[in-house]
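Single-structure report; data block below.
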Amino acid sequence: MAHQQQISLPAKLINGGIAGIVGVTCVFPIDLVKTRLQNQRQGQQIYKNMMDCLIKTVRSEGYFGMYRGAAVNLTLVTPEKAIKLAANDFFRQHLSKNGKDLTVFKEMLAGCGAGICQVVITTPMEMLKIQLQDAGRLAAQQRMPAVMSPTKLAATNTVLSRSYNVGPSPAARPVSATQIARDLLHTQGIQGLYKGLGATLMRDVPFSMVYFPLFAHLNRLGQPSRDESAPFYWAFLSGCLAGSTAAVAVNPCDVVKTRLQSLSKGANEESYNGVVDCVSKIMRKEGPFAFLKGAGCRALVIAPLFGIAQVMYFIGIGEFILDQSPFNYLSA
């Protein structure tokens with residue numbers, strides 16, 4: 001097992017990318033449930049809880065309905081996770097003096113830097129993913145006459161209404177992430193893909209500030225000695241615990257981000273003019289517990305995602321791949 005400080009940058013990028021793909025494939029259905037639960041408003045609940053949402057999604061959309069938006073996530077999760085892990089390690093190395101352990105403050109500072117770097121990829125990825133994930137909820141809401149109003153339906157976002165099965169035409173087909181991105185770029189420019197950037201920073205920066213120091217301390221407990229790495233199972237458990245803790249801690253920011261990035265609205269679902277407006281409206285109309293919507297799902301998503309990431313990162317899959325590459329033999 002390679003020591004953390006000896007892992008090269010290309011290996012870190014490979015490790016983070018593979019971990020992201022494996023993790024997203026495993027937990028994406030729960031992430032879809034999280035998005036739909038967070039977007040529900042009081043008096044318009046279609047799903048009672050996580051299991052109810054999963055069951056209703058499979059019944060109405062089929063098994064592959066649980067993977068709506070997975071393609072864009074799988075495409076962009078590799079650079080996102082690679083940037084996050086590599087940036088954190090980069091900042092840790094530059095903040096470390098003479099190989100000494102970092103203080104908690106410096107660990108949080110390194111995590112902050114990693115969180116800031118990753119939003120370049122995270123914001124557009126989340127923006128596109130959320131539209132696809134929430135389409136089924138809007139379609140299910142349309143089938144409930146007591147909840148939906150034809151007048152309200154006509155007011156749904158023009159970028160999405162023709163493609164998302166939320167309009168009156170049964171022939172409408174689900175839109176792709178590519179089509180959403182093209183429409184947003186055409187109508188709003190690059191800022192359209194970065195809607196909710198502030199809320200994404202509010203979520204990802206504190207998350208990284210909690211996750212990376214917590215993981216480092218938990219993982220250190222499993223090291224047989226200062227010069228030996230913790231076993232892979234300990235790295236996995238440390239990643240799971242640190243990830244779930246950080247996920248729940250920043251869940252209110254994730255709710256705000258999800259609401260701001262949802263372009264298409266159902267009946268009686270308000271639009272928000274920024275973070276402050278979103279927070280005040282949620283607090284006034286739904287109460288403080290609305291900020292905890294999807295917290296359990298988010299913890300279940302993040303825990304294995306970061307557990308797998310840390311196992312890949314510390315076992316050294318990236319180094320093995322680089323050692324077997326033709327470029328390695330040519331340079332030997």
Could you count how many residues in region 284-318 are closer than 17 Å to VAL250 by Cβ and either hydrophobic (A, V, I, L, M, F, W, C) or crowded, with 19+ Cβ neighbours inside 10 Å (or both)? 17
Criterion (modelled with pLDDT of 50 or more and either farther than 30 Å from LEU85 by Cα or open to solvent by less than 20 Å² (accessible area, probe 1.4 Å) (or both)) met by exactly one of VAL120, VAL166, VAL175, VAL147: VAL175
Checking the structure you have, find out if any residue of region 23-34 is open to solvent by 50 Å² or more (accessible area, probe 1.4 Å) and touching a residue at least 40 places away in the same chain (Cβ under 8 Å). yes
Taking interchain pairs and intrachain pairs at least six residues apart, which have beta carbon atoms under 6 angstrom, with the first residue in region 174-191 and touching a residue at least 60 places away in the same chain (Cβ under 8 Å) and at negative phi and the second assigned to a helix (DSSP H, G or I) and among the β-branched types (Val, Ile, Thr)? ALA177/VAL72
Tell me the residue from LEU74, LEU9, LEU13, LEU54 that is open to solvent by 20 Å² or more (accessible area, probe 1.4 Å) and touching a Pro at 6+ places or on another chain (Cβ under 8 Å), please. LEU54
Taking the stated definitions as given, is ALA199 under 30 Å from PHE91 (Cα atoms) and either of a type in the set (Ser, Thr, Tyr) or outside any helix (DSSP H, G or I) (or both)? no
Within region 122-144, residues farther than 11 Å from ASN73 by Cβ and either hydrophobic (A, V, I, L, M, F, W, C) or in contact with a Cys (Cβ under 7 Å, 6 or more places away or on another chain) (or both) come out as MET127, ALA135, LEU138, ALA139, ALA140, MET144
Helices (runs of 4 or more DSSP H) completely within region 40-150 that count 3 or more residues being over 15 Å from the mean Cα position of the chain (by Cα) and more than 24 Å from ILE18 (Cβ to Cβ): 50-61, 104-142
Hey, can you tell me all the residues within region 211-233 that are in contact (Cβ under 8 Å) with a residue 60 or more places away in the chain and open to solvent by less than 40 Å² (accessible area, probe 1.4 Å)? TYR211, PHE212, PRO213, PHE215, ALA216, ASN219, SER229, ALA230
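The values are calculated or read from the model by the stated rules, or taken from the named source; none is laboratory data. Just so you know, these numbers come straight off a predicted model, no measurement behind them. We place every Cβ from the backbone using ideal geometry, glycine too, and count neighbours over all the protein chains shown. When the accessible area is computed, the model is the full protein with side chains, heavy atoms only, and any ligands, DNA or RNA have been set aside. Shrake-Rupley method; radii C 1.70, N 1.55, O 1.52, S 1.80 Å.
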